[in-house]
Amino acid sequence: MVLTERPVGEVVPIEHARKANWSVLQWDKDDCAWMGLVKFDLLGLGMLAALQYCIDLVRVHTGEEWSLHTIPKEEASFYDQLCRGDSVGVLQVESRAQMATLPRLLPRRFYDLVTEIVLIRPGPIQGGAVHPYIRRRTGEEPITYLHPKLEPVLERALGVPLCQEQLMQMAMAVGGIDGDEADLLRRAMGSKRGVEKISSLKTKLFEGMAVNGITGDLAEEIYDKSMVT
């Protein structure tokens, strides 16, 4: 969805969509972003409707008024269920991989579920972040950081980079790049055409790390770990 100050047809070319009474932009999302348009990505998830039906049922049968932001997030019995791997029908944690990970991660609070969902993605899996994180969470491995400046960034992630936002913070903390360049790096990672953009920032990242005394194998390790999120 794109928002414009003037009628959208005066800003970007539009055309009729296949669906009746719908219009679409003639530019793709990357071009819209490059032109500086205010763009939002919206997901049409059936589970959101299911949640609303549940809220309606609770109101009818108990008289309690719930909304998405007031649903209890720390219900102990719910986490007991998840720790058993019993998550069929639970949005985001019902895949086989999630079911296999839940009894190992043993989530007991909402942020644990955030981490669970972040872990089971191609980046952390291919980058070998899943097992180290779980070992650190269960106390089987000590929590360490590749550099002291990374501790504030990765403290909640137990020293293991898991998501692109942490990559941005890592690059700013030890690589000497600013927020705009960090966001460019994040967007480049999510784009099939991002290899060239990433390589253009790599030199500046290594120069920034050198200023912080990070060189050689340590610099390469930080770079490699951050690139797999």
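Electrostatic bookkeeping for I120 treats Lys and Arg as +1 and Asp and Glu as -1; over the other residues with beta carbon under 15 Å from its beta carbon, the sum is +1. For the chain, modelled as a GNM whose springs connect Cα atoms under 10 angstrom apart, the maximal fluctuation among S67, S77, S23 occurs at S23. Counting every other Cβ atom within 10 Å of each residue's Cβ, M170, M1 order from fewest to most as M1, M170.
When only the Cβ of Lys, Arg, Asp and Glu is charged (+1, +1, -1, -1), the dipole of the chain relative to its Cα centre reaches about 420 debye.
Classify the chain as rounded, prolate or oblate, taking a ≥ b ≥ c as the square roots of the eigenvalues of its Cα gyration tensor: rounded when a/c is under 1.5, otherwise prolate if a/b is larger than b/c and oblate if not. Since a/c reaches 1.5 but b/c is at least a/b, the shape of the chain is classed as oblate.
Within straight-line reach of K204, meaning a Cα separation under 30 Å, sit the following lysines at least 8 residues removed in sequence or on another chain: K29, K39, K149, K192, K225. For segment 1-129, just say rounded, prolate or oblate: build the C-alpha gyration tensor, square-root its eigenvalues into a ≥ b ≥ c, call rounded for a/c under 1.5, and beyond that prolate if a/b exceeds b/c, oblate if not. Oblate, since a/c reaches 1.5 and b/c is not below a/b. Taking a Cβ cut-off of under 14 Å around D178, the surrounding Lys, Arg, Asp and Glu residues balance to a net charge of -2, with basic ones at +1 and acidic ones at -1. Electrostatic bookkeeping for Q166 treats Lys and Arg as +1 and Asp and Glu as -1; over the other residues with beta carbon under 14 Å from its beta carbon, the sum is +1. Sorting Y79, Y133 from the fewest to the most surrounding beta carbons within 10 angstrom yields Y79, Y133.
No value in this document is a laboratory result; all are computed from the given coordinates. Keep in mind that this is a model prediction, so the values were computed, not measured. No Cβ is skipped: glycine too gets one built from the backbone with ideal geometry, and neighbour counts run over all protein chains shown.
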